[in-house]
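Student: Here's a structure for you.
The values are calculated or read from the model by the stated rules, or taken from the named source; none is laboratory data. Just so you know, these numbers come straight off a predicted model, no measurement behind them. Cβ atoms come from the backbone with ideal geometry, glycine included; neighbour counts cover every protein chain shown.
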Amino acid sequence: MSWIKENKFLAGFGAVTLVGAGAIGFLLVQAKGKYEEVSTSYETESAELTRLQGLQPFPSAENVKKLDEQKKEHVQAIQQLQQSLSKVQLPKEEISAFQFQDRFRTTVDAVTRKAAENQVKIGNGTDKFALGFDRYLAEPPRSEAAIPLGRQLKAIDMVVEDLIKNRVTEIRDLKREELPEEKGGGAGKSESDSSKTPGKGKSGGKADKNLASRSWFEVTIVTDQPNLMNTLNDIVAFKEQFFVPRLITVKNEKDTGPSRFDPAAQPAAFASPPAAPAPGTPEAAAAAAGGTPVAPGVPQAGAPSGVAQKIIVGEEKAEVTLRIEILEFADVSTPASK
């Protein structure tokens, strides 16, 4: 005790050093415990990651079986859809170029006759309404184009006959998209061109991979709203051919609104008073007898009015341009997937 009293500084410094060493030792032991805990967790998770990375995509036969069943169901659904769609298209008929030309002329004559019977104006005043096939009035098509042209002609004829049946006022114009076969692209066309004519072969060629193709025609008509609605309903309801009205442009016959004041339609109360009847006339005799003077052209009380009401909106017609797509689908004999 005497030494501590004599060396107070050294004794204090030693005590502080001892306490600090104890604290540092405690912290070292605590840090070591946490390190071992974190290290163990890391090694466990790393081992799990390595195990997962080494697994196969389908670790069990049950999952493989389920995947095969889903694939079969998917292929079956696609084939059923193809079968349903293939029934909504016109069949291809084996006809020659000259047979197509004869059928085309017969179709034009029939359309012209039906339009006259239903009082439908066609062709916008031209001599011949050729349904967009004007070039084939004088010459037959290419041999390879006869079959697809026959199908396109029949599809366009279906829509035109429906327009005539609905008694549109006028069929002004009709133009169509030329098929690749008409331009000589039927046999040696490229892969991009083959997408327009799918289902040509049954041996798994490039054309078989295209499930659908389309061509379009555009018809301009003049009609009223009820006939237009009936026509559109008929086009999308055809069961013989799948049509898609892609673009519809409507232009009103009257591009300005009605006038708010029409002098010809003003009531009789606002009209100028009638002139006095001339002497010796029946009107003068009626006035002398004490009756009500009768002015020529002025309806009397109780008599039916001779002035008809004028409807200012709702009776005008519209010029409508319809772009309609003709859809064709691949042969159902071609499997969608293997």
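Student: Confirm whether VAL236 is more than 28 Å from LEU81 (Cβ to Cβ) and not basic (Lys, Arg). Spell out the reasoning first.
Tutor: Numbers: more than 28 Å from LEU81 (Cβ to Cβ): no; not basic (Lys, Arg): yes.
Criteria not met by VAL236.
Student: Among the residues of the range 130-140, is any in a strand (DSSP E or B) and assigned by TED's automatic domain parsing to the domain that holds THR249? Spell out how you get there, then give the answer.
Tutor: Let us first name the residues in the range 130-140 that are in a strand (DSSP E or B), namely none.
No: the range 130-140 contains no residue that is in a strand (DSSP E or B) and assigned by TED's automatic domain parsing to the domain that holds THR249.
Student: Follow-up. Every residue in the range 129-168 that is under 17 Å from ASP234 (Cβ atoms) and either at pLDDT below 90 or in contact with a strand residue (DSSP E or B) (Cβ under 9 Å, 6 or more places away or on another chain) (or both), please. First the steps, then the outcome.
Tutor: Of all residues in the range 129-168, those under 17 Å from ASP234 (Cβ atoms) come to 154-168.
Of everything in the range 129-168, those that are under 17 Å from ASP234 (Cβ atoms) and either at pLDDT below 90 or in contact with a strand residue (DSSP E or B) (Cβ under 9 Å, 6 or more places away or on another chain) (or both) turn out to be ALA155, ILE156, MET158, VAL159, VAL160, LEU163, ILE164, ASN166, ARG167, VAL168.
Student: Which of the residues belonging to the range 97-118 are polar (S, T, N, Q) and crowded, with 19+ Cβ neighbours inside 10 Å? Don't jump to the end; show me each part of the working.
Tutor: So the first thing to find is which residues in the range 97-118 are polar (S, T, N, Q), and the list is 99, 101, 106-107, 112, 118.
Hits for the range 97-118 are GLN101, THR107.
Student: Same structure, new question: May I ask you to say which residue of GLU144, GLU117 is over 19 Å from ARG103 (Cα atoms) and assigned by TED's automatic domain parsing to the domain that holds ARG105?
Tutor: On the way: GLU144 fails: over 19 Å from ARG103 (Cα atoms).
On inspection, the qualifying residue turns out to be GLU117.
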